[in-house]
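All remarks here apply to the structure that follows.
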């Protein structure tokens, strides 16, 4: 086991702006995708110039960038992959996340980039991990069917870095290897086209019964209460799912888990009070009911989410700070409409929250006052506080789920 061990918080980055938000709110590393070769084609994803800017931004703030190449590819896809891999090498990305043997070989031939094995490869045991190591893999992102205890053994026996999911959406299929949406919607789940067919309501018909059920829909993973067990096992990287999710999600999970890890780095322990407080913050963002899935024992029937999809959380992201007018106002890009005199919460990068009543909203030169904001616009909000760019602004919109 390593001395002075320091776990990594790995956050999702579905866009360049979300990458910056995750980094500023405490992520030690982020993972993102280009326009091809990944499993989230419906995400905004990154152009090459955006990747370049994202890598520069992350590195300037002491964070790493991993690029996903985790789709299962055909020969026609491999024609353009070498050039993209070479470009990633030039941009100095820190690693690629790969599930396909042919992609691993292509990365090795055309770059010096570190290779991390995707959870899609369903690595669940020591011998499998040893085999991947022999092929050049430096880190295994274990299948979500693995327990923390099993992950610790794999790390000890192989000498590989081990990464595990600690938060986010779960999939009913084995490490995401699913073809349901191929048949229900003609979209290939393993090539970036998952339609989330497992979230649909299905009718089950027996000889004498008819039942409507969401029997394939999983609850969301929340592992913050188990964080001490991750730390005792010295898991190298704690990964959060969610490249398709919004700015508030990226900020909340990054600051919550980073606060816990910062306390651990300082005290070599995390108090139960801290875990309870941060768990409460994670309850505020949009989520299905939570489960610990297979982190302790194999997931059972209690991990099924028996309800319709619901995008509403306790809070909504209503804006992102663009600039401040010292001691007078803050300039905010509006994401979701709110009204004059609504109570806004500005989320500081260190986890603190400052309430600001939107008592005066105006255009940028303060010549026109507004009673309601419009998404996609810039407004000036009167306040004596100065907030740095990319500070998230949220507003309470509902009750506890």
Using only Cα positions of the range 83-182, each an equal point scatterer, no hydration layer, compute I(q)/I(0) via Debye at q = 0.11 Å⁻¹ and quote the log10 values to two decimals. -0.35
Listing 315, 183 by rising number of other beta-carbon atoms within 10 angstrom, fewest first, gives 183, 315
√(5λ) per eigenvalue of the Cα gyration tensor, the range 13-153, largest first, Å: 24, 19, 13
In nm, to one decimal, how far is the modelled label at residue 366 from the one at residue 385, with both set 7 Å along Cα→Cβ? 1.9
Would you calculate, for the chain, the mean residue ellipticity at 222 nm contributed by helices, counting each DSSP H stretch of 4 or more residues as -39,500 (n - 2.57) and dividing by all residues, to the nearest 500? -8000 deg cm²/dmol
Descending semi-axes in Å of the range 315-396, equivalent ellipsoid built from Cα gyration tensor: 17, 14, 11
Kirkwood hydrodynamic radius of the chain from all distinct Cα pairs, in Å? 22.3
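Ranked highest first by average number of other Cβ atoms within 10 Å, how do 219-230, 78-89, 148-159, 246-257 line up? Each step should come with its number before you reach the end.
Values: 219-230: 19.8, 78-89: 15.7, 148-159: 17.5, 246-257: 26.6.
The densest-packed peptide leads the list: 246-257, 219-230, 148-159, 78-89.
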In whole Å, what are the extents of the range 111-259 along the principal axes defined by its C-alpha atoms, from largest to smallest? 54, 36, 33
Points 7 angstrom from Cα along the Cβ direction at residue 145 and residue 289: gap in nanometres? 2.4
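Once fully extended, how much extra length lies between residue 52 and residue 157, figured as 0.36 nm per residue of separation less the alpha-carbon to alpha-carbon distance?
Values: separation 105, 0.36 × 105 = 37.80 nm, distance 3.67 nm.
Here the answer is 34.1 nm.
Test of understanding: ordering 196, 74 by Cβ neighbours within 10 Å, fewest first, what list do you get? Can you show the working numbers first?
Numbers: 196 18, 74 11.
Listed from fewest to most nearby Cβ atoms, that is 74, 196.
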Rounded tilt (10° steps) of 272-282 against the dominant C-alpha axis of the chain: 80
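Order the peptides 372-379, 113-120, 10-17 from the highest to the lowest mean number of other Cβ atoms within 10 Å of their residues.
On the way: 372-379: 13.9, 113-120: 23.2, 10-17: 24.9.
Sorting 372-379, 113-120, 10-17 by mean packing, highest first, produces 10-17, 113-120, 372-379.
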For the range 238-336, the Cα gyration tensor yields equivalent-ellipsoid semi-axes (√(5λ), largest first, whole Å) of 29, 22, 11
What number results when the radius of gyration of the range 166-221, computed over Cα atoms, is divided by 2.2 N^0.38 Å? 1.27
Calculate how steeply helix 81-91 sits against the longest principal axis of the alpha-carbon atoms of the chain, using the helix alpha-carbon long axis, and give the answer as 0 to 90 degrees to the nearest 10. 50
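We did not get these values from a lab; they are worked out from the coordinates using the rules stated. From a predicted model like this one, the values you see are computed outputs, not experimental measurements. Reconstructed Cβ throughout: ideal geometry from the backbone, glycine too, with neighbour counts over all protein chains shown.
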